[in-house]
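Asks: I have a structure I would like to understand better, so I am pasting it below and will then ask my questions one at a time.
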Amino acid sequence: MTLDLTAAARFLGCEWKALEEGERTKIARIGAEAERTLRFRLVSRLVKKTSSGGEGAALPGEDVKGLLKDAEEILFFCGTLGEESARWIRRRFLMDPAEGLIADACASALLEGALDEWERERTKAFRARGRFLTDRFSPGYGDLPLGVQREICALLETDRRLGVTLTESLMLLPEKTVTALMGVCPVPQPHRAFGEGGCVRCAAKEGCLFRQRGGYCHG
Amino acid sequence: MDKILLDGAMGTRLLQAGMETGQLPEVWGMTHPEVLERIHREYVEAGAEIILADTFCANPLKLKGSGWEAEEVIQSNVRTAGKASGGRARVALDIGPLGKMMEPLGDMTFEEAYRAFARMVRAGAAAGADLVFIETMSDLSEARAAVLAAREHSALPVFVTMTFEKNGRTFSGTEAGAMAVTLDRLGVDALGVNCSLGPAEVRPVVERMLALTDKPLIVKPNAGLPDPETGRYNLDAAEFARQMAVYPALGVRYLGGCCGTGPEYISALRGLGQVAGRKAAARDVLCSKSRVVPLSGVRIIGERINPTGKKRFQQALREGDLDHIMARAVEQEEAGADVLDINVGLPGIDEKRTMEQVVRAVQSVTDLPVMIDSSSPEVIEAGLRAACGRAVINSVNGEEEKLRAILPLARRYGAAVVGLCLDEKGLPAGAEERLQIARRIVSRAAQEGLAPEDLLIDCLTMTAASAQSQAMETLRAVTRVRRELGTHACLGVSNISFGLPCREILTASFLTMAMYAGLDMPIVNPNRTEILDAVACFRALKGEDRGFESYTRRFALRRGQEQAAAAAPAPEERAEGLLGAVLRGMAGETERLTRALLEDTDPMEVVEKHLIPALDEVGDRYEKGTLFLPQLLSASSAAQRGFAAVKARMTESGRNETQKGPILLATVEGDIHDIGKNIVKVVLENYGYTVVDLGKDVPAERVALEAARLQAPMLGLSALMTTTVPAMEKTIRLVREKCPGCFILVGGAVLTPEHAARIGADAYAGDAKAAADAARRVLG
Ligand code: B12
C-alpha cells in the first residue's frame, strides 16, 4: 500500500510542489509511518441491479440513476483503515498537534489511494471479462442519501467482516472508512469528475478548497 | 478427557431454509419455529452436545424498529432450541456483538452495553438456557461487559469466543493472548476462537491462548476461507474435520463450526481423537487488550498520572481535560514504561467517575496495562470495571479492614495487588517487621485465592536525609520478601532523595541498589533520563538485555546530542536563534533557547520581545503566502514549546499569565470530517488564543452546555456535509439560548457566507487564516 504524498498535502490545504524541502521530508516521514502502521481492509459484494437500485439496497436519487444507467450489476464495497488508524492519529495529536494533522491527512490519503488501487485492479479484472465499471460513488455524494449506508453495511456485513459500524447519525466508525458502489456495465463508461454528475452536482462545490485551486477532491 | 462437540452455522442454514438476505435471523427463526427446531435437531443428531439458540442478534439495539422485544425473541428461540434438544444437548443463550463501537473511540458506553447484555442474560436464564455463549466478539471491552452482565445477572456458566485475523488480533486490536488472560482472570468457564478463518489458519491464535490460560478452550472456525466474489467457503466436511484433528491433540476441549459449516461438518468431527493433557500456562502476567506484559525481569511502572504536587494536572482533572492526561500516558509509554499507575485523587471532584473516564481515555491511546491507585475501595472497583485487561490494584496494607475491602475485589476482577508493608501501627522501622506484615498480607491473600505472584509487596522507601539507616533497611526487606515469600516487589524510589541536592543521581543509585536487592517493579518517572538509564544499565549487566542490544540502541545517539548541547550560544545569537528556530519549526531547539534566555531575562520579556515577534513574523509570512500551512504548524508547535518553558518558569515563581479566549471549536453532530477544523485550531493557538476543542460528531446540547460553562466569547463550528448543516443550525440555536454573548463563526466546504447568515451564524470564514482574522476582530 503506497501513499500519494501530493494527496496528503492537498488534504492539508497546500500544494506539494510549493512546499519546502523540510516540510516535504516531514510529511514523507509521517507518511512512511502511516504506510508501516496502518492496514487497509475491504469487503465487497456484487449484486444484480433492480428497478429500485441493487438487490438488498435501494438507491434513490437522480445522480445514481444517471451513473448506473448502463449498469446490469452493482459492486458494493466498504474499505477501512480500522480502529488502529484512529488510535495512531490521536497519539500523534497528543504528542504534537502539527504532526497529528499531518498524520490525519496522510491516513485520509492512504485510504483514498488504497480505494483507487482496488478500483483499478477491479476495473482490469472486469475488463478481462468484457465488462466496464463506472466511477465510484458514495452515499452522501450528490443526492444519494447517507441513509442507504444502513442497507449497504448490512448487505456487506461490515460489522462482522470488517469491524465497521454505523452511528445513529449515520457516521461510519472507525472514521477512516468509506462506503461506495460502482456500476458494472456492458459498454465503456465516461469519467465524470468535472462534468455532469461530478463537481457540478457536488454539495461542497462552493466552499471546496480543491476547486478554488482548480483541482478536484477525487472523492 | 472427552471432547465436547458444539454446533455449526445458523445463519447459513436459515438462508437455505428460505429466509431472505436483510432479514433478522432471530426474528425469522421466531416466526418459523418449526424450521428452527429442525435445524437445531439436525445438529443434535449430528452429535452436537451444546447447541446455540437463535439469539445472536436478539439484543435491544439490533431489534430496535423490528417491533419485537429482546425478551420475546429470546424466550421463544431458547425454548425452541430446548425442544429440539429434548435433553440430549445443552442449550446456550447465544450473545453476539451489539453492532456499535465502544467509547471512547465509538459511541456506545460501557453501561449501555452492560444493560443490553444484562437484559439478554436475564431473559435467557428465565427461558431455561443452560449456559451463556458470548461469541464473534471483536472488542475485548465489549466482551468484558457481556461477561460481567452474565456473571452478575445469572448463575450460568459463561463461554466466550472472539474472532481474529491472521495476525492474531481482532479488528479492534485485541490480541489473542491478552484476551485469554483477561477473560481467564475474569472467571469465565471456557474461552477460545470462533468464525475468523479456517481451522488451519486459526492455529497460531489457539496456541497463543494455550500458552496463557489453563481454562478449557473452544475452537469454532469457518469452513475455510470464502471466495471473495461468491462468498462460498472452500472446505468440505471431511477436509474440515481433517484440519480440526490437531486441536484435541493440543488439548482443546470444545469443537464446532461457524460460517459455512453444517450438520455434516459436526458429524465429521465425531471421529476425532481424545483431548490430550496440557502444559501449565504462564500466569504471571499483566495485560491491556492489546499487549501482554510478562512479569519477568524489571518492569517499569510510570507514576506521572497523579495530581499530587502538579498544578497543571490538577487543573486538567478539574476541567475534564482528558487530552492533557492522555498525553502524559503516551509520553510515558514512549519513554519506556511497562505499566501506568493512575491516581486521580483530588478534593472536590467525583473521583469514581473521573477514574473510569481516565482509565478508558488512557487505554484508548496506549497499549499498557494499568494500576488503579486510590485509597477508596469504591474508586478502585470503578477503575477495575473500566480497565480492559489484567490490572493491578494500588493498594492494600496489613490493616485488616483494608484487606477485607480490597482482596475480594482483586479476586473478582482478576487483578494483581500492591501490598504496602504498614498496618494499624504505622510503618515499622526494621526489615523484620516489614517482612512480618508482608507475610500476613500474603496469607490473607491466599485465603482469597490469590497466589504470591499476584502480589507486589512494597517495602516502602523513607527519605534518606531524615532517616539515613532506613535505606538499607528497606533494601534488606526487599531481598527477604523476594526470597522468602516469592511475591513481586514494587517501590516508589524517588522519595529517597527528598531534601538533598542532585536528587536524580541519588535516586538512580538507590534504584540500582534496589534492583540488585530484588526490586522488579519500580514506580518511577519514566521521563527522567537518569532513571531509565539506570534500568537499562541494570538489565544489561544482569544479562536480561542479551548482547547489550537495547543498551546500545538507547545510548548510541547520546554522545552526539550532548556535544551539540554543550556548545551554548552567545546571548545575541540566542535571540536571533529563537526566531530562526521557531520559523524552522525546531521544537527542541526552541525550548533550549528559551530556557537559555530565561536564565537572565524576565519571563514576560521573553514572551513579548522574543516569542510573540517570532510568531508575528510567522503569521506575516503565512499571510503573504511565503510560508505554507505545514510550516506554520511546525512553527506553531515549536513556539508552544517555548511558551511551555516560560509557563513552567512562571508557575515556579507563582505568576499567572493571561490568555485570550477560550474559543470553543466543534465539528457538528453527524460529521467526521475534521481536518479543516483541526487546522483552524492549530492556527488559532498559534495566534495565542486558548482553544477548547470538543472534537467531532458533537451533539448540539453538548456544545451549548460547554459554551455556557466556559462562558466562551467565541465558538467555531465546522460542517463538511450538507446533511450536517441542519445540525449546525440547531447548535447555533441552542448556543444562542444558553450563552447569548457568544460570537459564532462557522466554516467548512458546504457553507457559503449566505448560508452562514441564513442559519444564524455571526460570521463565516473560508479558511484558517480568515478564522484567525475574525478572532482578532472579536477578541483582539
Ligand atoms: C478527506 C475527505 C474524507 C476523509 C475524512 C478525513 C477527515 N477526518 O476529515 C474520508 C476519506 C475518511 C472521508 C469519508 C467520507 N466522506 Co468525505 N471528504 C473528504 C474531502 C475529499 C476533503 C475534506 C478535507 O479534508 N479537506 C481539506 C481541508 C483542509 O479543507 P476543509 O475541510 O474544507 O477546511 C477548510 C475550510 O473549509 C475552513 N473550515 C473548515 N472547518 C472550519 C470551521 C471553522 C470554525 C472555520 C472558521 C473554518 C473552517 O478552514 C479549513 C482550513 O483552511 C471532501 C471533499 C471536499 N471537496 O471537501 C469529502 C466530502 C466532505 N466527503 C463526503 C462524503 C459523503 C463522505 C462519506 C460519507 C462517503 C461514504 N459514504 O463513505 C464518508 C464518511 C466517512 C464516515 N466515517 O462516516 C462528501 C460530503 C457530501 C455532502 N453531502 O455534503 C464530500 C463533500 C465529497 C463529495 N465530493 O461529495 N471523507
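Asks: Restricting to the range B:602-633, give me the number of residues that are closer than 17 Å to B:ILE679 by Cα, free of Cβ contacts under 8 Å to residues at least 40 places away in the same chain and either of a type in the set (Phe, Trp, Tyr) or more than 14 Å from chain A (Cβ to nearest Cβ) (or both).
Replies: 1
Asks: If the Cβ limit is 6 Å and pairs must be 6+ apart or interchain, which residue in the range B:32-55 that is more than 12 Å from B:ARG79 (Cα to Cα) pairs with which residue that is crowded, with 20+ Cβ neighbours inside 10 Å and at pLDDT below 95?
Replies: So the pair list comes out as B:ILE39/B:ARG13.
Asks: Right, next: Please enumerate the residues belonging to the range A:1-31 that are away from the ligand (no atom under 16 Å from the Cβ) and in contact (Cβ under 8 Å) with a residue 40 or more places away in the chain.
Replies: Passing the criteria: A:THR2, A:LYS26.
Asks: Given the structure, is A:ALA34 touching a residue at least 60 places away in the same chain (Cβ under 8 Å), of a type in the set (A, V, I, L, M, F, W, C) and within 11 Å of chain B (Cβ to nearest Cβ)?
Replies: no
Asks: While we're looking at this one, here's another question. If we scan the range A:22-30, do we find a residue that is out of contact with any Leu (no Cβ under 6 Å at 6 or more places or on another chain) and of a type in the set (Asp, Glu)?
Replies: Checked against the condition, which is being out of contact with any Leu (no Cβ under 6 Å at 6 or more places or on another chain) and of a type in the set (Asp, Glu), the range A:22-30 yields at least one hit.
Asks: Quick one: which residue in B:ALA223, B:ALA176, B:ALA238 is farther than 20 Å from B:ALA276 by Cα and touching a Cys at 6+ places or on another chain (Cβ under 8 Å)?
Replies: Among B:ALA223, B:ALA176, B:ALA238, only B:ALA223 is farther than 20 Å from B:ALA276 by Cα and touching a Cys at 6+ places or on another chain (Cβ under 8 Å).
Asks: Residue pairs, Cβ under 7 Å, 6 or more apart or interchain, first in the range B:746-771 and over 15 Å from B:LYS677 (Cβ atoms), second at pLDDT below 90 and within 12 Å of the ligand (Cβ to nearest atom). List them.
Replies: B:THR752/A:GLU206; B:THR752/A:GLY207
Asks: Something else: In the list B:ALA410, B:ALA382, which residue meets the criterion of being under 27 Å from A:ARG87 (Cα atoms) and not in a loop (DSSP other than H, G, I, E, B)?
Replies: Going through B:ALA410, B:ALA382 in turn, just one is under 27 Å from A:ARG87 (Cα atoms) and not in a loop (DSSP other than H, G, I, E, B): B:ALA382.
Asks: Moving on to the next point. If a residue must be crowded, with 16+ Cβ neighbours inside 10 Å and farther than 25 Å from A:PHE76 by Cα, how many such residues does the range B:222-241 contain?
Replies: The total comes to 5.
Asks: Additional query: Could you please find all residues in the range A:74-84 being away from chain B (no Cβ under 11 Å) and either of a type in the set (Val, Ile, Thr) or farther than 28 Å from A:ALA34 by Cα (or both)?
Replies: A:ILE74
Asks: For the range B:141-171, enumerate the residues that are buried (at least 24 other Cβ atoms within 10 Å of the Cβ) and of a type in the set (Gly, Ala, Ser).
Replies: B:SER141, B:ALA143, B:ALA145, B:ALA146, B:ALA149, B:ALA150
Asks: Any idea which residue in the range B:696-717 is nearest to the other protein chains (Cβ to nearest Cβ), counting only those that are within 11 Å of the ligand (Cβ to nearest atom) and not aliphatic (A, V, I, L, M)?
Replies: Top of the filtered list is B:ASP697.
Asks: May I pose another question? Taking helices (runs of 4 or more DSSP H) that fall entirely within the range B:62-169, which contain at least 3 residues that are more than 24 Å from the chain's Cα centre (by Cα)?
Replies: Result: B:70-85, B:110-126.
Asks: Has the range B:663-677 got at least one residue that is more than 30 Å from the chain's Cα centre (by Cα) and either of a type in the set (Lys, Arg) or modelled with pLDDT of 85 or more (or both)?
Replies: Within the range B:663-677 (the criterion being more than 30 Å from the chain's Cα centre (by Cα) and either of a type in the set (Lys, Arg) or modelled with pLDDT of 85 or more (or both)), the answer is no, since none of the residues qualifies.
Asks: In this structure, is B:ALA361 of a type in the set (A, V, I, L, M, F, W, C), outside the structural domain of B:GLU381 (by TED's automatic domain parsing) and either touching a strand residue (DSSP E or B) at 6+ places or on another chain (Cβ under 8 Å) or farther than 24 Å from B:ASP533 by Cα (or both)?
Replies: Answer is no for this residue.
Asks: Additional query: Within the range B:475-577, considering only helices (runs of 4 or more DSSP H) that don't extend past its boundaries, which have at least 1 residues that are modelled with pLDDT of 95 or more?
Replies: Once the helices (runs of 4 or more DSSP H) in the range B:475-577 are filtered for at least 1 residues that are modelled with pLDDT of 95 or more, what remains is B:503-517, B:529-542.
Asks: Considering only the range A:1-31, how many residues are of a type in the set (A, V, I, L, M), within 20 Å of A:GLU99 (Cβ to Cβ), more than 8 Å from chain B (Cβ to nearest Cβ) and assigned to a loop (DSSP other than H, G, I, E, B)?
Replies: Of the residues in that region, 1 qualify.
Asks: So, one more: Pull out all pairs, ordered by first then second residue, where Cβ-Cβ is under 7 Å, the residues are six or more apart or on different chains, the first lies in the range B:510-528 and is closer than 17 Å to B:GLY309 by Cβ, and the second is part of a strand (DSSP E or B) and of a type in the set (A, V, I, L, M).
Replies: B:ILE523/B:ILE301; B:ILE523/B:LEU491
Asks: Give just the number: which of (1) of a type in the set (Val, Ile, Thr); (2) buried (at least 19 other Cβ atoms within 10 Å of the Cβ); (3) in a strand (DSSP E or B) does A:VAL47 not satisfy?
Replies: With (1) of a type in the set (Val, Ile, Thr); (2) buried (at least 19 other Cβ atoms within 10 Å of the Cβ); (3) in a strand (DSSP E or B) applied to A:VAL47, the lone miss is (2).
Asks: OK, next. So if I check each of A:LEU155, A:LEU101, which one is over 17 Å from the mean Cα position of the chain (by Cα), at pLDDT below 95 and buried (at least 22 other Cβ atoms within 10 Å of the Cβ)?
Replies: After ruling out the rest, the residue left standing is A:LEU101.
The values are calculated or read from the model by the stated rules, or taken from the named source; none is laboratory data. All values reported here derive from a predicted model rather than from experimental measurement. All Cβ positions, glycine included, derive from the backbone under ideal geometry; neighbour counts span all protein chains shown.
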